[in-house]
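**Student:** Structure below; questions to follow.
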Amino acid sequence: MATEQTTRNEGPVRRIFVRARTAPATPVRRGTLTPLTSEICRDPDRFGALAAEWTALHRRSGPATPFQSHAWLHSWWLSYGTPGRLRVVLVRRGGTLVAAAPLMLTHRPVPVLVQLGGGISDFSDVLLDDDCVDSAAPALAKALAVAARGAVIDLREVRPEAAAERVYECWDGPRDRLPDSSCLELPAVPMDELLGRLSSSRAQRARAKLRKIDSLGIEARVVPADEIPTAVERLLHLHRLQWQGRGVTTEHLSARFSAHLTRSVRSMVEHGDAMVTEFLLAGEVVAADLTLMSPRLGGGYLYGADPMLRDRKVDVATMLLRESARRISADGRPTLSMLRGNEPYKHHWRPETVGNRRLLMARGLLAPSLRLVATQAAARDRAAVLVNERLPAMKAGLAKRTRRGEGKG
């Protein structure tokens, strides 16, 4: 496929035709009468054009999460991708896409293939067609080995029983499995059943909070697709207000994150992979919540709330949970995910802790590089644990010294 690039010097525009760097299709025959072929897509425009068949495969890949949807991944690439680093591995059977791995090349300091979606995605995975997993998984493993060449494959935030685990099991080369983030999950049932998980005293307090919300007349509405751009802008504005003067995730304030959410969420809403809910008080939007969904789970990804709700003693987390539980359970999804994070308020509901995994794979000669990546990951994890253990005491000590200083003044 030829692509046209335009360069501009001091003179007139020059047009240079460049052959797109897409690896040739590689036949793979294993476990099926129909040949499987693989290729590596490096062209962002061609990746964008895969939307329809990628979405169809996403629907046929049972373990897939919303973070593997084409809308999310392609939008992420447009905001965060590095030109020349795209590596999307595709496997087809008779022209039908049956496996895919959305990756990009980085250097840390050795070459590493990492998943698209980066740190703003709670789960990563590959896609495998449920109808031919036994043949698609080894075919994708072979194609990944070709794509990796001198790089280590590093898949972060892989859920248990993810499709990537099938590829890992048939990987022919050095590999390692490390722990990653913890996620908290609840059964997707109506709020009355969630209240039954609490102690009687805690359930009583939660019901009082819900009565407070209802007494104020706060109403919820699901935003239609054509209003999504404006709704995302409102949500991010409320998110900034909510965290003003506190420890906000700085990336959530960036222009590229805003552009990514606006692009991706509208398409995801149209395909049933996302939902934006707004909460209105006296006709004004005072809170908004973005929920991402797949057939097996749904979870609140990002929310924003006007600080005046705090002043009026509204428990925003309980308000959002009730609405999410109602809608996700009504759609028949079995799991209400609280996504990553181990915040104390989540544990009030007695959720199940589910650990994500980090899968490392490499070709035979790259065993030392894989060990280096694994060692660096373990060191960062130990440092993070140390910081989390000591940070509360450090904050308390700083606050105490500040109070003493104020007293001397």
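**Student:** Quick check: the angle from helix 200-216's long axis to the longest principal axis of the chain, C-alpha only, nearest 10 degrees?
**Tutor:** 90
**Student:** Give me the percent relative contact order of the chain, please, defined on Cα pairs under 8 angstrom at least 6 residues apart.
**Tutor:** Once divided by the residue count of the chain, the mean separation gives 19 percent.
**Student:** Tell me, what HN-Hα J-couplings in whole Hz come from the Karplus equation 6.51 cos²θ - 1.76 cosθ + 1.60 at θ = phi - 60° for each residue of the stretch 142-148, using x for Gly and Pro?
**Tutor:** Once θ is set to phi - 60°, the couplings for the stretch 142-148 become 5, 5, 5, 4, 5, 5, 5 Hz.
**Student:** Ok, one more. Sequence-distant or interchain residues sharing an amide H contact under 5 Å with Met338, placed H: which?
**Tutor:** Residues meeting the amide H criterion: Leu184, Glu185, Leu186.
**Student:** Give the angle, between 0 and 90 degrees and rounded to the nearest 10, that separates the Cα long axis of helix 228-243 from the longest principal axis of the Cα atoms of the chain.
**Tutor:** 60
**Student:** Right, here's the next one. Pull out a ≥ b ≥ c, the square roots of the eigenvalues of the alpha-carbon gyration tensor of the stretch 175-254, then state rounded if a/c is under 1.5, prolate if not and a/b is larger than b/c, and oblate in the remaining case.
**Tutor:** oblate
**Student:** Shape verdict for the stretch 189-333, please, from the Cα gyration tensor: rounded (a/c under 1.5), prolate (a/b greater than b/c) or oblate.
**Tutor:** It is oblate, given that a/c is not under 1.5 and a/b is not larger than b/c.
**Student:** Applying the Karplus parametrisation 6.51 cos²θ - 1.76 cosθ + 1.60 with θ = phi - 60° to the phi angles of the stretch 342-357, what ³J(HN,Hα) value in whole Hz is obtained for each residue in order, glycine and proline being reported as x?
**Tutor:** 10, 4, x, 4, 5, 6, 4, 8, 6, x, 8, 8, 10, x, 6, 10
**Student:** Would you pull out the residues with amide H under 5 Å of Leu103's amide H, same chain only if 5 or more places away, H placed 1.01 Å from N?
**Tutor:** Here Arg87, Val88, Val89, Leu116 satisfy the definition.
**Student:** Using a Gaussian network model on the chain with a 10 Å cutoff between Cα atoms, which of Pro138, Pro111, Pro368 fluctuates the most?
**Tutor:** Judging by the Gaussian network model, the answer is Pro368.
**Student:** May I pose another question? Among Gly95, Gly272, Gly48, which one shows the highest mean-square fluctuation when the chain is modelled as a Gaussian network with alpha-carbon springs under 10 Å?
**Tutor:** It is Gly95.
**Student:** Scan around His348 for amide H atoms under 5 Å from its own, H built in the peptide plane at 1.01 Å from N, and keep only partners 5 or more places away or cross-chain.
**Tutor:** Hits under the 5 Å cutoff: none.
**Student:** If you don't mind, another one. Mind jotting down the three principal axis lengths of the chain based on Cα atoms? Whole angstrom, largest first.
**Tutor:** Here the spans come out as 66, 57, 50 Å, largest first.
**Student:** Through the Karplus equation 6.51 cos²θ - 1.76 cosθ + 1.60, θ set to phi - 60°, convert the phi angles of the stretch 309-316 into ³J(HN,Hα) values in whole Hz; use x for Gly and Pro.
**Tutor:** 5, 5, 5, 9, 6, 8, 7, 5
**Student:** Using alpha-carbon pairs under 8 Å, 6+ residues apart, how would you state the relative contact order of the stretch 189-333 in percent?
**Tutor:** 30
**Student:** Test of understanding: in a Gaussian network model of the chain with alpha carbons linked when under 10 Å, which of Ala151, Ala203, Ala141 would top the mean-square fluctuation ranking?
**Tutor:** Comparing Ala151, Ala203, Ala141 in a Gaussian network model of the chain, the most mobile one is Ala203.
**Student:** To continue, here is another question. Which aspartates and glutamates have a Cα lying under 14 Å from the Cα of Lys212, excluding residues fewer than 8 positions away in the same chain?
**Tutor:** Asp311, Asp315
Each reported figure results from applying straightforward, stated rules to the coordinates on display, with no laboratory input. Remember, predicted model here, so these are calculated numbers, not experimental data.
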